[in-house]
1. Residue check, P140 against (1) of a type outside the set (A, V, I, L, M); (2) within 11 Å of the ligand (Cβ to nearest atom); (3) at pLDDT 95 or above, all met but one. Which one?
2. Can you tell me how many residues in the stretch 109-121 are within 16 Å of the chain's Cα centre (by Cα) and either of a type in the set (K, R) or near the ligand (Cβ under 8 Å from one of its atoms) (or both)?
3. Of everything in the stretch 52-108, what is more than 10 Å from the ligand (Cβ to nearest atom) and among the polar types (S, T, N, Q)? Give them in sequence order.
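The values are calculated or read from the model by the stated rules, or taken from the named source; none is laboratory data. Given the structure is predicted, the values throughout are model-derived calculations rather than measurements. Cβ sites come from the backbone with ideal geometry, for glycine too, and all protein chains shown count toward neighbours.
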Amino acid sequence: MIMPVRSTRSHTSVANHVKKTPAQAGVFYFLENKVPVNKLIIFFLSLCLSSVAIAADMANGKVLSAQCSACHGKDGLSRDPEAPNLAGLSALYIEKSLVDYQKGARHDRRMSLIAQGLKKSQIKDLSAWYSAFELTAKVPDI
Ligand code: HEC
């Protein structure tokens, strides 16, 4: 019978030579450091709680939208021909647009300035607010 030869190298030394993705690095961290199960549970519970904490606050979005309504309309339907409607856009799209204006991936002399003044949580709140508007569209009768 052929017995498998046990490697003398530890997991750590092999692992150090392998390029790891951040997720793999996390798993290796737990394995190599033998993190006790109760600490793991606390870690995952805190992840769940933190995602609750960053959930969007639509009511705050409504308050914040006062600074947007001059151009985008109180009802999210713009009166300014250069400003698009925000009512009913997906939260994902609104959030991405505002982050893009902030980071310079998208540029507009007004929006870039306005987005600079918004915190991440405020962007989420505004996105939740405008995305909750319900729209009905009337297709032109031609
Ligand atoms: C001074 C007028 C003005 C104000 C105030 C303003 N916007 Fe805008 N907004 C614009 C214009 C103009 C555009 C189109 C810019 C472009 O062409 O990229 C725009 C674009 C956007 C877009 C991209 C929409 C799309 O369809 O791509 C979002 C999202 C947005 N604004 C959100 C906001 C929010 C949220 C506020 C308030 C915090 C706000 N804006 C305040 C004028 C304004």
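1. (2)
2. Qualifying residue count, the stretch 109-121: 4.
3. Across the stretch 52-108, the qualifying residues are N60, S90, Q102.
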